[in-house]
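Asks: My structure is below; once you've seen it, I'll send some questions.
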Amino acid sequence: MVALLKRSCPPTLVCDIASDDGTKKMATNQCLKNPMPTTSGFLETPNSFQANAFIKNGISTGKELTVGPKRRVSVSNPDLTSKLCSMLPAVSLFGHYGAVVLTTLFFPSAAYLLSTFLTILVFLWVGNMAISSALGLVNMRRETSKDWNALVKTLPTEEVQKVHHVVILPNYMEHEAMLKETLENLGKSPMAHVMQVVLAMEGRERGSHEKAKRIIAEKKHLFEDVWATFHPAGLPRETAGKSSNTQWAFNETRRRVAVKEWDASLVFVSVADADSMFHPHYFSAITHQGLTMSKEERSWSIWQPPVLLFRNFFAVPSMTRVSSMATLIFELASLSNQKLFTAFAYSSYSTTMALATHQSVEGWDADVIAEDHHMFCKCWFGALWNGADMNQEKGKSGVAHEVQPRVKLQPVFLPCLGYLVESSDGYLESLYARFKQARRHMQGIVELGYVVLQWIRLSQSVGFFRIPWRSHRSIALICIKLHILHISSTAQVFSLFFVFFRGLLRMNLLQLVWHPVASLTNSWTSMSFMQKALSAYLGQMSFVMLLTCVTTAVCLKDLMEGKYHQHVLDTEDAEASRHEMAQSSFGEITGFKKKSLPRWMLAALVALILNDNLVNGYPSMAVFAVIPVMLAGWSLLRFKDFEYIVADKPEFKKD
């Protein structure tokens, strides 16, 4: 028991920390007097971050802090197991694609069987998402109808006063006007007075210091504090991008917060894209949720709003709009149905300082691209490693019951709006910009290898058979979800295209031109059952597609009518709101405009979205999924470092 208390109560730590005025302040960490008991004894929870917030000899420059936790599990490590795990997703990907090619060329019956299996798998996956996303839309309507700021006021005042928010905005080469409007939107939150905003700039961006100074000077009055960090280029063991920039900003943040001696479980750290427009009541919602949880549950939680890439929905090409619908359906479905597969953090999300600074997490990894999924997986396994350490200190034999999932992603059904990528140079350039973004997104395929590597390391440390079956099952389900997301779904599209074009080449093209109806009729009657099933699926007209199109259209119409921002509008001056929206330049759909639309508008939106999917559904999957994931897999096989690819955003012109 003494050992457990020592572990739960980190030793006093006194550090010299440079403040803004150049003086030195002393940060002191005091041991928790009452560690939190659980059903399994005194379990360490990440409810005091000061001892974990600093790494030895890392206070002066912060560079040492970017290397990550003392137990560093990374597929970029040079050992053989890490390298094999980094290659695993690529081997599986090209194994699937290779099986499609070989069977189609030499074993046609097997090819149809393989394509049918992949199609059924994806159909079940998409069908589940279609139904779950419709439920998610209902949840979003219900949650946005609540006045979350009023709910916060019903909580004890002394507890609410302990809450603080830190919002990190990593950005590179972003329009200054866009960043200003992002801060203006954050300033509309009722929690802005306890919010600290961090402009995470890249030092390699020319003029970043001057840009940050202008933004801070203009918007600082909206918040408790605003400051900027400048991530230097070329640091060892780093990949330039959002994750490494976030970690650099986070290191500076925890140095500043350490001197304040706040309760780490009540310091909410949010990471967002530069164009993310959080719902103004989002921070009130996570405050209310956090304060109504136990400290242990709050300390192991990550909060996620549904990300809607609708701000410039009508301005982008049809193929790009299809990807917006896919994001909406995936996010709403993941958040509303976590009975089988857990949801992942995506784009803009929140956690507590306690979890982010836990010794098994220690912030964001600086050598990854997909920072959102990766951070969730890292925190999720961090809880398992925490249980493994506790079990080792107890010296217990048998099943290690402490090694069980504790991190949970908490859905917050208040939409966060964002842009679809768009180039000001025209239609084709906009498609190319979306392709560049898709290349970056598909680099997240490596997270499958990362999860497998964590699984192996944990099994080596604890013992495979000592890990509870529930934990093995949960890890396997994460692997399955990542595999379907990046490999099975794209392999299904690849197989359909490959089988289709092979059949097309075998047809009498001259007869098809002169007698198209007769040729197609003869081809259909000569098909086997599996071929007909595949052809019917390729036609895409199904209940699943109609349901997803209706869900997307209803969500879009709700945004255009301002239904998700009812209480925000009620608390603002109507005339000022109309003037502000008239002057706004950040996109066509803001969610704030309160305007009733005719009923026929819903039918028009359904027709538009359905047309986009029928015409460009599979081409969009081929260009923005199949090709990018193949490029990512090829890079993994060659052990080539991923590159953070910056995609274009709409041109900003602020009056």
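The values are calculated or read from the model by the stated rules, or taken from the named source; none is laboratory data. The structure presented is a predicted model; accordingly, all values stated were derived computationally and were not measured. As a convention, Cβ positions derive from the backbone with ideal geometry for all residues, glycine included, and neighbour counts pool all protein chains shown. Calculation scope for accessible area: heavy atoms of the full protein, side chains included, ligands and nucleic acids excluded. Shrake-Rupley method; radii C 1.70, N 1.55, O 1.52, S 1.80 Å.
Asks: At 1.4 Å probe size, put Lys396, Lys188 in order of accessible surface, largest to smallest.
Replies: Lys396, Lys188
Asks: Pairs to check: Lys180/Lys260; Lys220/Lys563; Lys188/Lys595; Lys220/Lys436; Lys220/Lys595; Lys83/Lys436. Give those whose C-alpha atoms are more than 23 Å from each other in this structure.
Replies: Lys180/Lys260; Lys220/Lys563; Lys220/Lys436; Lys220/Lys595; Lys83/Lys436, as the Cα separations exceed 23 Å there.
Asks: May I ask for the net charge around Asp372, where only other residues with Cβ less than 13 Å from the Cβ of Asp372 are counted and Lys, Arg are +1 while Asp, Glu are -1?
Replies: Spelling it out: positives minus negatives among the neighbours equals -2.
Asks: Also, quick follow-up: In what sequence, largest accessible area first, do Phe498, Phe268 appear using a 1.4 Å probe?
Replies: Phe498, Phe268
Asks: Another question, then. Ignoring ligands and nucleic acids, what accessible area does Glu159 show with a 1.4 Å probe (Å², nearest 10)?
Replies: The value for Glu159 is about 60 Å².
Asks: Could you report the accessible area of Asp79 in Å², rounded to 10, computed with a 1.4 Å probe on the protein chains as they sit in the structure?
Replies: Probe radius 1.4 Å; accessible area of Asp79 about 50 Å².
Asks: So what does Leu428 come to for accessible area, using a 1.4 Å probe and Å² rounded to 10?
Replies: In the full protein context, Leu428 sits at about 130 Å².
Asks: A follow-up question, please. Rounded, prolate or oblate, given the Cα gyration tensor of region 203-343, with a/c below 1.5 counting as rounded?
Replies: The shape class here is oblate.
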